[in-house]
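Asks: This structure is in structure tokens; I'll ask about it shortly.
Laboratory data are not the source of any read-out in this text; all were calculated from the coordinates shown. As the structure is a prediction and not an experimental result, all values here were calculated from the model. So basically every Cβ, Gly included, is an ideal-geometry build from the backbone, and we count neighbours across all protein chains shown.
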Amino acid sequence: MHFQRIKLILTFGLLVISIFLLSAIPVVVNGSAGMQEMGPTVTGTPIGPYIIVNGAPGEQINVRGCANATTCPKVGVLLAAQKVPAKGRTEGGVWIQIEYPGVAGGLAWVHSSLVSLYGGTLPVVEPPATPTPAQTSTIDPTLAAQFIITIQPTRLPTFTAPPPLEIPTYTEVSGNLVASRVPVGMIITGMAALGVFGILISVLRGR
């Protein structure tokens, strides 16, 4: 009898513990926990129409400031396979307006033949006016003439040709002519020497 009471108490205790454990488990309703609210679901924001640049890897296309390939300046480039949001198109769809940060207004233009359009149709937008070419500055000729300095040519000295060079000519002379042209001084000196020599001899003989 005592053993049956203990068994009954144990059974009742196990039942209470089981009920307590079951009450602590959150009830799942429609696949979500009833006691804990799930966080907000993150979903991608659609970017709307966009373009992808055509071409082989490494190729690039020009991005221009307005819808004209001749007069509009190039403001950048796009690489092949690059994806860019599209905002509008010209009448006829020849040019497409795209988002292009870094330029005035954040918008630029690409030629439609160089890209592929995805994500819907584009509205027609009025392209910006073609920029007026810069005017070539002109110079007032009257004002410019005041700053023109004329350099007078320097007069070179005149050149007078020298007289013709006279080359002396020599004629061959004979031996007698050479002997006759003995200097007179040498003859006088020789004669004086002979006279002195004769006087010396006379003096010596007189002794």
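Asks: Please list the non-local residues whose amide H lies under 5 Å from the amide H of residue 81, H modeled 1.01 Å from N, same-chain partners needing a gap of 5 or more.
Replies: 53, 54
Asks: Right, another one. Using θ = phi - 60° and the Karplus curve 6.51 cos²θ - 1.76 cosθ + 1.60, what whole-Hz ³J(HN,Hα) does each residue of segment 88-93 get, with Gly and Pro shown as x?
Replies: Working through the residues one at a time gives x, 8, 7, 4, x, x Hz.
Asks: Using θ = phi - 60° and the Karplus form 6.51 cos²θ - 1.76 cosθ + 1.60, what ³J(HN,Hα) does each residue of segment 57-68 get, whole Hz, x for Gly and Pro?
Replies: Whole-Hz 3J(HN,Hα) from phi for segment 57-68: x, x, 7, 8, 10, 8, 10, 10, x, 8, 8, 7.
Asks: Using unit Cβ charges (K, R positive; D, E negative) and no other charged atoms, how large, in debye to the nearest 20, is the dipole of segment 50-118 about its Cα centre?
Replies: 60 debye
Asks: Amide H of residue 100 versus every other amide H placed in the peptide plane: which residues, excluding those fewer than 5 positions away on the same chain, fall under 5 Å?
Replies: Correct list: 107, 108.
Asks: Can you pull out the trypsin sites (Lys or Arg not before Pro) in segment 43-119 that DSSP calls coil and that have at most 14 other Cβ atoms within 10 Å?
Replies: Those that pass, being in a loop and sparsely packed, number zero.
Asks: What spacing in nm lies between the two simple spin-label points modelled at residue 193 and residue 155, each 7 Å away from Cα in the Cβ direction?
Replies: So the two model labels end up 6.7 nm from each other.
Asks: Can I ask one more? Would you mind calculating the gained length between residue 19 and residue 165 on full extension (0.36 nm times residue separation, minus the Cα-Cα distance), in nm to one decimal?
Replies: Gain on extension, residue 19 to residue 165, equals 37.7 nm.
Asks: Each residue of segment 95-112 in order: what ³J(HN,Hα) in whole Hz does its phi give by Karplus 6.51 cos²θ - 1.76 cosθ + 1.60, θ = phi - 60°, with x for Gly and Pro?
Replies: Values per residue, Gly and Pro as x: 10, 10, 8, 10, 6, 9, x, x, 10, 4, x, x, 10, 8, 10, 10, 6, 5 Hz.
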